[in-house]
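To start, the structure itself, in structure tokens.
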Amino acid sequence: MEKKITAAITGVGGYVPDYILDNDELSRMVDTSDEWIMSRIGIKTRHILKGDGIGTSYMGIRAVRELLEKTDTDPMEVDLVICATVTPDMFFPSTANLISYKCGIMNAFTFDLSAACSGFLFALQTGAKYIEGGLKKVVVVGADKMSSIVNYDDRATAPIFGDGAGAVLLEPNTEGLGVLDADLHSDGGGFIHLHMKAGGSAYPPSKETLRRGWHTIYQEGQPVFKAAVSRMADVSTEIMRRNHLTADDIRYLVPHQANKRIIDATAKRMGLPADKCMVNIERYANTTAATLPLCLWDYESRLKKGDNLVFAAFGGGFTWGAMYLKWAYDGNIPDKCGEPEDIPLSNNVNNVKL
Ligand code: UT7
């Protein structure tokens, strides 16, 4: 009998910009404090991408270049690139298109996926289905330049977000490793509490939309917090139940990094101790679609073949979900990857400034 094909993660790449905005600097920009941000959210620093004309693809390109290099993948062999983002460089072409071009990925089809903080999880499941359907190499990127849509005069949202990108390679596996189950959800009613109103077709940019501040994130913290806590915990415990996983079976929870208190509440409901929970919110803040791959990027060296991971995310939409994944390789990799080398590009893609 033919063995079932699953989609295994076979490599991870990541990138965060050099500039670090810490709580002290933020406290000089807006009425807040290190003490408040640390106790209510758990963030110390966030990385910010500076420079005119530099968008999300700039970070995605660097994450994908590192991924291709680490996995020794020929860019021409990649079949599909999906980029989860809510801060695309531009409406079109897609950010995935720009990333692929600059990475020499010229034989793939590419598209963006919009599901806010659950974007990477939704994209990972989508990529997994393409692998199960016969594709051989799928790159899934989560990347967001949140600083481009944060109102730094609003203390309720300014501390929360940062910029970053992460990417994984998916390849077919017949040993039962990789994506084994996912439980994904959306509830459009949540848009009332969390959205960016203008810039799209409903409210194209105008003097009025600028005056009203509709080009930045609007969030009602409390209802979003409550929904995040209950839905992330519900969906994570459901994925444990239906895969007969106990807390002992799980090596790591890989949670979206929106608020340390939300992460703790999810881990608690799953019965997991703190050392089984990937946490890097303190350094990167909420990088929206990039949080999950940046967790993998940071913890890759500690992962072993066969480790059971549960991913959990919640975000704008509302969107939320959990995934059960068996890790496919031993992380014999330096504990923290440094800056990716600038690998040479094929001649025909060298002249574009991205
Ligand atoms: O990733 C996408 C999904 N998003 C989330 O999951 C975010 C969910 N929400 C949250 O994480 C939290 O609700 C926030 C971090 C956004 C806010 O924390 P909170 O504990 O819910 O604070 P709050 O909004 O209830 O505000 C409490 C107090 C208020 O003052 P009063 O009315 O009690 O005097 C705020 O004005 O804290 C005040 N406050 C601040 N004080 C200092 C709000 N923001 C700040 C601030 N610095 N930055």
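The values are calculated or read from the model by the stated rules, or taken from the named source; none is laboratory data. All figures in this text were calculated on a predicted structure; none of them were measured in a lab. Note that each Cβ is placed from the backbone with ideal geometry, even for glycine, and that neighbours are counted across all protein chains shown. Heads up: the accessible areas ignore ligands, DNA and RNA and are worked out on the full protein's heavy atoms, side chains in. Shrake-Rupley method; radii C 1.70, N 1.55, O 1.52, S 1.80 Å.
Summary of values
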read-out: Residue identified as more than 15 Å from Tyr324 (Cβ to Cβ) and either in contact with a His (Cβ under 9 Å, 6 or more places away or on another chain) or away from the ligand (no atom under 16 Å from the Cβ) (or both) among Val224, Val229; value: Val224
read-out: Pair list, Cβ under 8 Å, 6 or more apart: region 106-120 residue open to solvent by 60 Å² or more (accessible area, probe 1.4 Å), other residue modelled with pLDDT under 95 and not basic (Lys, Arg); value: Met106/Ser346; Met106/Asn348; Met106/Val349
read-out: Subset of region 113-150 [within 12 Å of the ligand (Cβ to nearest atom) and either in a strand (DSSP E or B) or not hydrophobic (A, V, I, L, M, F, W, C) (or both)]; value: Ser118, Gly119, Asp144
read-out: Scan of region 265-303 for residues that are within 12 Å of the ligand (Cβ to nearest atom) and not aliphatic (A, V, I, L, M), ordered by number; value: Thr266, Asn286, Thr287, Thr288, Thr291
read-out: Inter-residue pairs, beta-carbon under 7 Å, first within 14 Å of the ligand (Cβ to nearest atom) and in region 8-37, second open to solvent by 10 Å² or more (accessible area, probe 1.4 Å) and hydrophobic (A, V, I, L, M, F, W, C), 6+ apart; value: Leu21/Ile48
read-out: Residue satisfying all of: in region 39-74; within 16 Å of the ligand (Cβ to nearest atom) and of a type outside the set (D, E, K, R); nearest to Asn259 (Cα to Cα) among these; value: Ile41
read-out: Candidate set: region 12-40, residues that are outside any strand (DSSP E or B) and of a type in the set (Gly, Ala, Ser); chosen: the one surrounded by the fewest Cβ atoms within 10 Å (Cβ to Cβ); value: Ser39
